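Remarks on the structure that follows.
The values are calculated or read from the model by the stated rules, or taken from the named source; none is laboratory data. Computed from a predicted model, the values in this text were never measured in an experiment. Glycine gets a Cβ as well: all are built from the backbone with ideal geometry, and neighbour counts include every protein chain shown.
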Amino acid sequence: MTDFSKITACGECCERCAKKKDGRCLGCIEAKGRVPEWAQSGICRVYACCEEYQAQFCGLCSEFPCEKLPQMIPWNPDIVNHLSRLRDEYYKQSVKEEEI
């Protein structure tokens, strides 16, 4: 079961990142998108976009999948499928929690 409180705007989980583990980065959620990787631009574009559309992560955005996604998340060529699976799991967990 995925802990969605740890899922970043781009669908990653910083908890497994070596930079977070060794203290070089707070993590995207904790730093509100202002991590060392994006220091020159001020904020992660994916994080900023999710804030604008009030989505916890891209897969939950009302515009998902959008044409900007492949350019904003080039490190994952399967990003639409990845975020679709996360979205589906998120909704399944939400339904189960409502049933309890």
Gln56 meets each of (1) outside any loop (DSSP other than H, G, I, E, B); (2) under 14 Å from Ile7 (Cβ atoms); (3) under 14 Å from the mean Cα position of the chain (by Cα) with one exception, condition (1)
Positions within segment 28-53 being within 18 Å of Lys6 (Cβ to Cβ) and aliphatic (A, V, I, L, M), in sequence order: Ile29, Ala31, Val35, Val46
Based on this model, can you work out whether Cys14 counts as in contact with a Lys or Arg (Cβ under 7 Å, 6 or more places away or on another chain), crowded, with 17+ Cβ neighbours inside 10 Å and farther than 25 Å from Glu97 by Cα? no
Being at pLDDT below 95, under 13 Å from Gly11 (Cβ atoms), crowded, with 16+ Cβ neighbours inside 10 Å and among the hydrophobic types (A, V, I, L, M, F, W, C) narrows it down to one of Leu69, Leu60, Leu83, so name that one. Leu69
